[in-house]
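Read the structure below first, then the notes.
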Amino acid sequence: MSDILSLSLAGLRARLADRSVSATDAVSSCLERIADTEPAIEALLTVTGEAALTQAQAMDAAGPDASKPLWGVPVVVKDAICTKGVATTCASRILENFVPFYDATCVARLKEAGAILLGKANMDEFAMGSSTENSAFQKTRNPWNLDKVPGGSSGGSGATVAAGQCFAALGTDTGGSIRLPASFCGVTGIKPTYGRISRYGVVAYGSSLDQVGPLARTAEDCAVMLQVMSGHDAKDSTSAPREVPDFAAQTATRKDLKGLRLGLPEEYWGEGLTAEVRACCDQAVDAAKGLGAVVVPVKLPHTKYAIATYYIVAMAEASSNLARFDGVRYGFRHPDAKDLRDLYEMSRSEGFGEEVQRRIVLGTYVLSAGYYDAYYRKAAQVRRLIRQDFLDAFQACDVIVGPTSPFTAFGLGEKADDPLQMYLADIFTISLNLSGLPGLSMPVGLGQESGLPVGLQMFGKAWDEGTILGAANALSGALPQIGMPKI
Amino acid sequence: MAEYEAVIGLEVHAQLLTESKIFCSCSTRFGNDPNENVCPVCSGMPGVLPVLNERAVEYAAKMGMAIDCALNPVSVFARKNYFYPDLPKGYQISQFELPIAEHGKVDILVDGVAKTIGVTRIHMEEDAGKNIHSATDNASYVDLNRACVPLIEIVSEPDMRSADEAVAYLKELRSILVYLGICDGNMEEGSFRCDANVSIRPKGQEEFGTRAEIKNVNSFRNVHKAIEYEIQRQKDCLEDGEAIVQETRLYNPDKNVTASMRGKEEAHDYRYFPDPDLVPLKLDPAKLEQWKAQLPELPRVRRQRFENDFGLSANDAATITAERDLADYFEAACAAYAQPKKIANWIMSELLREMGEAKLAAAQLKLAPSDLAKLVKLVDEGVISGKIGKQIFPDLFAQGGDPEALVKAKGLVQISDSSALEEAIDAVLAASPAEVEAYKGGKTKLMGFFVGQVMKATKGQANPGLLNQLLAKKLS
Amino acid sequence: MKFTPQQAAKVAALARLRLPEEKLERIASQIGDILNYMEALEACDTAGVEPLYSPVEHPTPLRADVAEKTFQRSDILSGAPETDGTYFIVPKIVAG
């Protein structure tokens, strides 16, 4: 059975379709793997093993359904995404006992496509963090090195895929929260164009930045997942009323990069990269050239403002988004609350962790009377300039390429005491969210020094996920495979 | 002592008559069991998102058109952040910087003087739920049926100078909303409510005085009383050398006072910002054309038409057109019998009195307009006297039906047959020889006595014109 | 700029957080650092730049006005910390 786990999602689909592997086999293999590896990595907050097995058995009894592109595929969902009847905590005490009675649209679509929910992935509390250390419940370890963080905030999703516990996982990406863990854990993850996947049922952090996306072993696997979840949803006003192209076809058919113009922004390739990250990324760019890509230098001059802009926007929105967690209708209520003020203040002070509280205070401050213009409005103006940088750069290229992170996975606790240093780690990922554009991170090798995965980002034009997925698919065929970590 | 002038601006909240809520598909029906009209969206569950109701946009736009506002082609929903148990998301979605409509006006008439009141803006927003405070246990109960029900807020310029003007403006606004069919105008249920900003300044002074915002005024009468009270209170303050504090005051209708909410309400900092879940609202020009074409005749125009075409007095025209249903009723009656002034008289006197006593609106009446017309016609043609008409009106009002049939059934047809009447006259004259003598001797005032006697004998059914004529002849 | 614990307490109260003294001090100093970092934005010339609040380019979609009951009251109340099956219950609200 363990050879099942070495299959990609696409490979598994073929085996499920010809019944050489049953849905029950797939689920059992994953559950065994979870049992073996979970004590070491703690990627999951909830495992829905029994329900998954029951569902798989029923599906096997009925036989494969070719109309369901994910028939029998076990998947994990980040705990920020609502799953009907399954606890959805956002890794926060304040939602510790929250069991939604509705599915997020993306989850509903996965289920309709035949996917089987295996469990819920750990994360930074309310997706606020870059290391998954801000979870209120457990610290997920990087499967490649148990002393390192998996990245964040979708660290559980990155780790569970890297460890072979499932075939794909959902993450959310507000400022790099899919791409950073994908990079640190050596898997592929894509943040689609803002509006591509419905946010309905996805617990909001920064509403104008948040997007759901898949993390999986290959670009092709990501394409299959993306396909299923994409498209307008009447329950989300920000989801785009536009056609969804055939991502899977665009991805699988691309074998070379002939004529593709890769833009290398000087701001992403300058000082600050560790030698091993630079070496792996350079090697990937060379491989791309070998496949026929043309490399052009581009500029994203407002990159230096991106972190400040991002944190103002994200924290402002978060301060408002998190107001609903008040202990009135659901979630944690402090047992000692005697009056209304107590109810709010005691519940929220004990229910939220410190990073969340810090961001709520900052976000409240930048929106408050007298400061709005200097912070929030100013940031929104710079945001337009940052997006314009990309639009300008895409005049000269088709895909923008750069490292996902200046360094490989850092040590547990290494940056935990200095929030600003932690924020600065997001330098290469956040501009994309401010711009609303799609981007993915793919593994391009193991760092010579650390032996940890290095991720390369590809940014695409709005709605052009197909191009970056195809390019990633072609490029990965020309690179040495990093394989699976030994845990 | 300085002479002061009041400066009044009103903020009116009108609940829109949509089937579903503004951002979700829950019913807006009033009176359902608590928390039955509630879904994840209007209860602020994690992860859920608002989607705007097209009908709410239509209604807000129509109100904008009706009061000559400029409609903004793009308007923006913002979040107004504050904590309260009836506010599930911790913010209210409301338009702030860019509302759907701005710069409108409403014409009013007070004591025959016309005046135009400016409307600053109309914006769309969601209502909050309801907190019920228990008297018996240490708890409050939250019902979210009302949360997310669509409202428009209509903000006036500080153009009113008296409580009378404020009430006239409110009545006109309410009338327009009801004409448009976008609000039921029910003040008791809170679907039409108002806050008043009141300040005073010495007459002739340009700049405004410090204003107080008066909340909780839920009838025209209370608006009037609260404003009068507040103006007097502020005058007293200034005359005592006290400064007026900018604050929110709550009107207490039982004591007829306004009381400061100071201390009970912390300083708010609502931290408005554009709601990223609702991208800007763009008004479709084709839709706007369509909605404009659907606008009904509005109260002001109808009032003018009733004066010009039907010859009604300004007062009658204003009263009858104030409620769209009553104006419709009047026109239907006129269609059945083309005597608008007479019909108006019956409405102004008999019908409105009965409606007031029975607390019924024009749309709920049992008496059909065509039957009211018939009644007027019966009186007009002398089939019954006006007095009899008024006598039977309460019955007709209560049960409805054909007045002619009722008159016949009750045997109330007027005696217009001179021979039948002559018999009755003869009998009365025969029974009152002394009075006849006196009359003939010059006491002509006794005519009234004879008329009364004959009326009594005929149970009021004698045609008064004919009776007078015959009596005069017999006594000459 | 300096962000004092008193400022932090005031803003925290607005956000309905009640933080102990030492946490306030720590958070205030961290926020001070972050705000200092954010001052870098002042150097960015944004004269005449229209703010971008969302990457969405389509106008807000409109929903047809059809009332529909999608969930039961028992669902809505299912996570309530305190309820009588009809209402959400909170400690008695005393004015304001």
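The values are calculated or read from the model by the stated rules, or taken from the named source; none is laboratory data. Since the structure is predicted, the reported quantities are computational estimates derived from the model, not experimental observations. As a convention, Cβ positions derive from the backbone with ideal geometry for all residues, glycine included, and neighbour counts pool all protein chains shown.
Are there any pairs, at least 6 apart or on different chains, whose C-beta atoms fall under 9 Å, with the first in the stretch B:453-476 and small (Gly, Ala, Ser) and the second at pLDDT below 85 and part of a loop (DSSP other than H, G, I, E, B), and if so, which?
Qualifying pairs under 9 Å: B:Gly460/B:Ser385; B:Gly460/B:Leu412; B:Gly460/B:Gln414; B:Ala462/B:Ser385; B:Ala462/B:Gln414; B:Ala462/B:Ser416; B:Gly465/B:Gly382; B:Gly465/B:Ser416.
Just for helices (runs of 4 or more DSSP H) wholly inside the stretch B:376-476: which have at least 2 residues that are hydroxyl-bearing (Ser, Thr, Tyr) and at pLDDT below 85?
Once the helices (runs of 4 or more DSSP H) in the stretch B:376-476 are filtered for at least 2 residues that are hydroxyl-bearing (Ser, Thr, Tyr) and at pLDDT below 85, what remains is B:418-431.
Could you list, in sequence order, the residues of the stretch B:305-349 that are surrounded by fewer than 19 Cβ atoms within 10 Å (Cβ to Cβ), among the hydrophobic types (A, V, I, L, M, F, W, C) and more than 18 Å from the chain's Cα centre (by Cα)?
Matches in the stretch B:305-349: B:Ala332, B:Ala335, B:Ala336, B:Ala338.
Just give me the residues in the stretch C:38-77 being among the aliphatic types (A, V, I, L, M) and surrounded by 15 or more Cβ atoms within 10 Å (Cβ to Cβ), in sequence order.
Answer for the stretch C:38-77, where residues must be among the aliphatic types (A, V, I, L, M) and surrounded by 15 or more Cβ atoms within 10 Å (Cβ to Cβ): C:Met38, C:Leu41, C:Val49, C:Leu52, C:Val56, C:Leu62, C:Ala67, C:Ile76, C:Leu77.
Restricting to the stretch A:72-101, and then to whatever is more than 10 Å from A:Gly119 (Cα to Cα) and of a type in the set (A, V, I, L, M), can you tell me which residue is surrounded by the most Cβ atoms within 10 Å (Cβ to Cβ)?
Here the answer is A:Ala80.
Step by step: first the residues of the stretch A:308-329, then only those that are on the phi < 0 side of the Ramachandran plot and part of a loop (DSSP other than H, G, I, E, B), then the one that is surrounded by the fewest Cβ atoms within 10 Å (Cβ to Cβ). Which residue is that?
A:Arg329
Yes or no: B:Leu360 outside any loop (DSSP other than H, G, I, E, B) and among the aliphatic types (A, V, I, L, M)?
Values: outside any loop (DSSP other than H, G, I, E, B): no; among the aliphatic types (A, V, I, L, M): yes.
No.
So which helices (runs of 4 or more DSSP H) stay within chain C end to end and still have 1 or more residues that are more than 7 Å from every other protein chain (Cβ to nearest Cβ) and hydrophobic (A, V, I, L, M, F, W, C)?
Working: elements: C:5-14, C:21-38, C:73-76.
Because the criterion is at least 1 residues that are more than 7 Å from every other protein chain (Cβ to nearest Cβ) and hydrophobic (A, V, I, L, M, F, W, C), the helices (runs of 4 or more DSSP H) in chain C that meet it are C:5-14, C:21-38.
Which of the numbered conditions does A:Ser476 fail, given that it passes all the others? Conditions: (1) over 18 Å from the mean Cα position of the chain (by Cα); (2) in contact (Cβ under 8 Å) with a residue 12 or more places away in the chain; (3) closer than 27 Å to C:Leu41 by Cβ.
(3)
Go through the residues of the stretch B:88-100 one by one and say whether even a single one is closer than 24 Å to B:Val155 by Cα, within 14 Å of chain A (Cβ to nearest Cβ), touching a helix residue (DSSP H, G or I) at 6+ places or on another chain (Cβ under 7 Å) and not in a loop (DSSP other than H, G, I, E, B).
Yes.
Residues of the stretch A:360-379 being part of a helix (DSSP H, G or I) and farther than 11 Å from C:Leu17 by Cβ, which ones? Walk me through how you get there before you give the answer.
Applying the first criterion (part of a helix (DSSP H, G or I)) to the stretch A:360-379 yields A:360-367, A:373-379.
Selection gives A:Leu362, A:Gly363, A:Tyr365, A:Val366, A:Leu367, A:Asp373, A:Ala374, A:Tyr375, A:Tyr376, A:Arg377, A:Lys378, A:Ala379.
Take the residues in the stretch A:86-134 that are free of Cβ contacts under 8 Å to residues at least 24 places away in the same chain and in contact with an Asp or Glu (Cβ under 9 Å, 6 or more places away or on another chain), then tell me which one is farthest from A:Ala162 (Cα to Cα).
It comes out as A:Phe101.
Among the residues of the stretch A:330-343 satisfying the criterion of being under 16 Å from A:Leu95 (Cβ atoms) and without any contact (Cβ under 8 Å) to a residue 60 or more places away in the chain, which is surrounded by the most Cβ atoms within 10 Å (Cβ to Cβ)?
In this case the residue turns out to be A:Arg333.
If you scan the stretch B:17-71, which residues turn out to be at the interface with chain C (Cβ under 7 Å from one of its Cβ atoms), aliphatic (A, V, I, L, M) and assigned to a loop (DSSP other than H, G, I, E, B)?
B:Val38, B:Val51
Does A:Gly363 meet the test of being touching a His at 6+ places or on another chain (Cβ under 9 Å), within 11 Å of chain B (Cβ to nearest Cβ) and in contact (Cβ under 8 Å) with a residue 24 or more places away in the chain?
Numbers: touching a His at 6+ places or on another chain (Cβ under 9 Å): no; within 11 Å of chain B (Cβ to nearest Cβ): yes; in contact (Cβ under 8 Å) with a residue 24 or more places away in the chain: yes.
In short, no.
Which of the residues that make up the stretch A:241-257 are surrounded by fewer than 24 Cβ atoms within 10 Å (Cβ to Cβ) and either facing another protein chain (nearest Cβ under 9 Å) or closer than 15 Å to A:Leu70 by Cα (or both)?
Within the stretch A:241-257, A:Pro241, A:Arg242, A:Ala248 qualify.
Kindly establish whether B:Lys292 is touching a strand residue (DSSP E or B) at 6+ places or on another chain (Cβ under 8 Å) and of a type in the set (Lys, Arg).
When the stated conditions are applied, B:Lys292 does not pass them.
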